[in-house]
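The values are calculated or read from the model by the stated rules, or taken from the named source; none is laboratory data. Here the structure is a predicted model, which means the values were calculated and not measured. With ideal geometry, Cβ positions are generated from the backbone for all residues, glycine too; neighbour counts draw on all protein chains shown.
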Amino acid sequence: MINHIANCITAICLKEGVISEEKEIEIKFGLEELIFLLINLVFMALLAVFSHEILKGFLYCVVYISLARLVGIYHAKTRFSCFCKTIFMFAAYLVVMKNFPLALQGYGTVVGALVFCITAWLLTPVTHKNKVLTERQKQENRNKVLRYSVVYLVVTAILMGMNQIQYAFAISVTLLWVAVLAILGQIFNEK
């Protein structure tokens, strides 16, 4: 279905002269990725609304989307498998947000942030046979992950200082999820 929609949009753009034939494959791939991202975001938004965790769901999306591609995470073999992985991880995140004891969230925040820092900074970027990076691209990804991480860690520290532990914990659990997927990617991605 995603391919069909991307093909239709690409065909219309070609017919109207909006894109050239040389760029057709890249445009089609970009459209497929955009459509897939939108489908994931819609399902994630629905889960966040039904769980009454909209702000924490938003925090997850911002942190996860900004870091997952840079760190390089586990790549599922099909889009459907990727969708299932994404929704499962988000649902697990929401379950943790709902059920983790408030009294332990401060400790959980520190542990999640530490695991992320150690794992992501050591493993970045996790590679895949379909996403080969040059040494320059790898270094750029490492630098971006370092900068983004510092921002998220500072925001987390500020939230903890403002006694907004549940939001600091939400960011930290997302960082932990990225670290877990990086470890899985390091182990299971096809090289």
Margin query: Residues that are farther than 18 Å from K56 by Cα, in contact (Cβ under 8 Å) with a residue 40 or more places away in the chain, in contact with a Ser or Thr (Cβ under 8 Å, 6 or more places away or on another chain) and part of a helix (DSSP H, G or I): does the range 137-144 have at least one?
Written below: yes
Check: When the range 167-191 is examined, which residues are found to be at pLDDT below 90 and touching a Lys or Arg at 6+ places or on another chain (Cβ under 7 Å)?
Finding: E190, K191
Notebook entry, point to check: Are any residues in the range 76-91 in contact (Cβ under 8 Å) with a residue 40 or more places away in the chain and within 18 Å of L59 (Cα to Cα), and if so, which ones?
Noted result: T86, I87, M89, F90, A91
Item checked: Of residues in the range 26-43 being over 10 Å from I2 (Cβ atoms) and in contact (Cβ under 8 Å) with a residue 40 or more places away in the chain, the one surrounded by the fewest Cβ atoms within 10 Å (Cβ to Cβ) -> F43
Notebook entry, point to check: Do we find that C8 is hydrophobic (A, V, I, L, M, F, W, C) and assigned by TED's automatic domain parsing to the domain that holds I87 in this structure?
Noted result: no
Checklist line | Given (1) within 17 Å of Y167 (Cβ to Cβ); (2) of a type in the set (V, I, T); (3) touching a Lys or Arg at 6+ places or on another chain (Cβ under 6 Å), number of the condition T124 does not satisfy | finding: (1)
Next item on the list: Identify all residues within the range 145-191 that are farther than 14 Å from F116 by Cα and either part of a loop (DSSP other than H, G, I, E, B) or of a type in the set (F, W, Y) (or both); write none if there are none.
Entry: M162, N163, Q164, Y167, F188, N189, E190, K191
Margin query: I need a count of the residues in the range 160-170 that are touching a Leu at 6+ places or on another chain (Cβ under 6 Å) and among the hydrophobic types (A, V, I, L, M, F, W, C).
Written below: 2
Margin query: I'd like the full set of residues that are part of a loop (DSSP other than H, G, I, E, B) and at pLDDT below 90, limited to the range 68-123.
Written below: G72, I73, Y74, H75, A76, K77, T78
Notebook entry, point to check: Restricting attention to the range 77-102, and to residues there that are among the hydroxyl-bearing types (S, T, Y) and surrounded by 15 or more Cβ atoms within 10 Å (Cβ to Cβ), which single residue is farthest from G185 (Cα to Cα)?
Noted result: Y93
